[in-house]
């Protein structure tokens, strides 16, 4: 390409120098590690696809050095090029803004993470071993007196068992007396566990957190009502005989059991008393 005033243009000088070297566009592009279309644009003096001014000057310098042209002269020619051939920087595409949903994704993820941590903390605080709240014993109501018994000097009413034929009478279950023979309960702790034990009179025999490796023994009238916060870590002995908690440990690891006068262990039928 010939410039006004008879000068040879940038593209023509580059093309002539390349041909003197005996190189094709593809060979020159391979040596410069660029796309062949970049060199074609330089030889055609179509600088707009090459981007900003700094990129055009860089490609000119490297191409000129490869084919043996003067980089300084080509840079000067490029400077004198009419502004219409310069790339319009205002037309450079800008990256699209992230959609609104993408910007709201981070707060949503943080909220889910916070709820997960809160649930984990609640689960840890409610693990087996937490001290359950003691319940008050169920009130025992006395049987009402008949009208004959309420009057002074009146003869006692005949017993219901005497009025019923012996063939239809059912033997009543013998309830252990509160003041009967005491049961000795020994607890061995392989792990830390909270324990509360009350006897048949409602007196608290043991209440508190017991350390791992310790042993406790209590004695009181049956039935003994026992609450274990970490039941798998406790071994029981009743009157020197091992007592099994199989099937009595709840899902959370605690156990509420009752030990009768015979030493049998069963689920607690009444809550443990709150104190002496």
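The values are calculated or read from the model by the stated rules, or taken from the named source; none is laboratory data. Every value quoted in this text rests on a predicted model; they were computed, and no experiment measured them. Reconstructed Cβ throughout: ideal geometry from the backbone, glycine too, with neighbour counts over all protein chains shown.
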Original post:
Given the structure, is residue 237 in contact (Cβ under 8 Å) with a residue 24 or more places away in the chain and buried (at least 16 other Cβ atoms within 10 Å of the Cβ)?
Top reply: yes
Original post:
If you check residue 220 against the conditions, is it surrounded by 12 or more Cβ atoms within 10 Å (Cβ to Cβ) and within 18 Å of residue 190 (Cα to Cα)?
Top reply: no
**OP:** Kindly check whether there is at least one residue in segment 177-199 that is assigned to a loop (DSSP other than H, G, I, E, B) and at positive phi.
**Re:** no
Original post:
Of the residues that make up segment 226-234, is at least one over 33 Å from the mean Cα position of the chain (by Cα), at pLDDT below 95 and surrounded by fewer than 16 Cβ atoms within 10 Å (Cβ to Cβ)?
Top reply: no
